[in-house]
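Visitor: Here it is: the structure, laid out below.
The values are calculated or read from the model by the stated rules, or taken from the named source; none is laboratory data. Fair warning: this is a prediction, and the values are worked out from it, not measured in the lab. Quick reminder, even Gly has a Cβ in these numbers, built from the backbone with ideal geometry, and neighbours come from all protein chains shown. Side chains included, ligands, DNA and RNA excluded: accessible areas come from the protein's heavy atoms. Shrake-Rupley method; radii C 1.70, N 1.55, O 1.52, S 1.80 Å.
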Amino acid sequence: MKEKLKIVVIGCGRFAQFFVPLFKAHPYVEKVYVCDLIREKAEDFRDRFEVEIIDTYEEALASSEINCIANFTQRHLHGPMIIEALKRGKHVYSAVPIGCTIEEIKEIVRLVKETRLIYMMGETCYYYPCAIYCREKY
């Protein structure tokens, strides 16, 4: 990947708190934003991790600066959010599941092939040692 990532973390919940510091520390990540429907959660992340807030998912998708979406929302939202992000030219990292219907999954596979964007389905349990590190540090 030639360009550095400018990631917006969607959903400031339990798993996101472990990933924000990891994204910030990664050499291929230039900037990290957070977004949550509950403004206070996003403000907490801003204060704890020194990141910026994006007010809405739609604003993140419309941003020409942001090139990656990290999806930590409720499971039933994953498929539609991944599809929309890929359609808008954003790379995607998303917690499991990829989608809730076979149609959503097929559409995601089709879009990844068509756009050649990166999609990664994250199985967060593999990152447990990182979660312990982040919990102790933050």
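Visitor: Can you go through Glu30, Glu40 and tell me which one is assigned to a strand (DSSP E or B), free of Cβ contacts under 8 Å to residues at least 40 places away in the same chain, open to solvent by 70 Å² or more (accessible area, probe 1.4 Å) and out of contact with any Ser or Thr (no Cβ under 7 Å at 6 or more places or on another chain)? If you could, list the steps in order and put the result at the bottom.
Guide: Values: Glu40 fails: assigned to a strand (DSSP E or B).
After applying the criteria, what remains is Glu30.
Visitor: Can you name the residue in region 74-88 that is assigned to a helix (DSSP H, G or I) and basic (Lys, Arg) and, of all such residues, is farthest from Ser64 (Cα to Cα)? So that I can check it myself, show each step before the final result.
Guide: Going residue by residue through region 74-88, those that are assigned to a helix (DSSP H, G or I) are 75-87.
After this cut, where a residue has to be basic (Lys, Arg) as well, the list is 75, 87.
Details: Arg75: 26, Lys87: 14 Å.
Residue satisfying both the conditions and the ranking: Arg75.
Visitor: Next question. Among residues belonging to region 101-138 that are at pLDDT 90 or above and of a type in the set (D, E, K, R), point out the one that is surrounded by the fewest Cβ atoms within 10 Å (Cβ to Cβ). If you could, list the steps in order and put the result at the bottom.
Guide: First pass over region 101-138, keeping only residues at pLDDT 90 or above: 101-120.
Filter once more, keeping what is of a type in the set (D, E, K, R): 103-104, 106-107, 110, 113-114, 116.
Working: Glu103: 10, Glu104: 17, Lys106: 11, Glu107: 18, Arg110: 12, Lys113: 9, Glu114: 10, Arg116: 7.
Looking at the filtered set, the residue picked out is Arg116.
Visitor: Got a sec? Which of Ile83, Ile98 is at pLDDT 95 or above, of a type in the set (A, V, I, L, M) and over 16 Å from Ala16 (Cα atoms)? Spell out how you get there, then give the answer.
Guide: Details: Ile98 fails: at pLDDT 95 or above.
It is Ile83.
Visitor: Residue by residue through region 43-63, note down the ones that are part of a loop (DSSP other than H, G, I, E, B) and either at pLDDT below 95 or more than 17 Å from Ile82 (Cα to Cα) (or both). Don't jump to the end; show me each part of the working.
Guide: Step one: filter region 43-63 for residues part of a loop (DSSP other than H, G, I, E, B), giving 50-51, 54-56, 63.
The answer is Glu50, Val51, Ile54, Asp55.
Visitor: If a residue has to be buried (at least 16 other Cβ atoms within 10 Å of the Cβ) and outside any loop (DSSP other than H, G, I, E, B) to count, how many in region 7-27 make the cut?
Guide: Residues that pass the stated criteria total 11.
Visitor: Let me ask you something else. Mind checking which pairs have a first residue in region 89-100 that is in contact (Cβ under 8 Å) with a residue 40 or more places away in the chain and in a strand (DSSP E or B) and a second that is of a type in the set (Val, Ile, Thr) and surrounded by 14 or more Cβ atoms within 10 Å (Cβ to Cβ), Cβ under 7 Å, 6 or more apart or different chains?
Guide: His91/Ile118; Ala95/Thr124
Visitor: So, one more: Give me the residue from region 64-81 that is in contact (Cβ under 8 Å) with a residue 24 or more places away in the chain and under 14 Å from Ile7 (Cα atoms) and, out of that set, most open to solvent (accessible area, probe 1.4 Å).
Guide: Glu65
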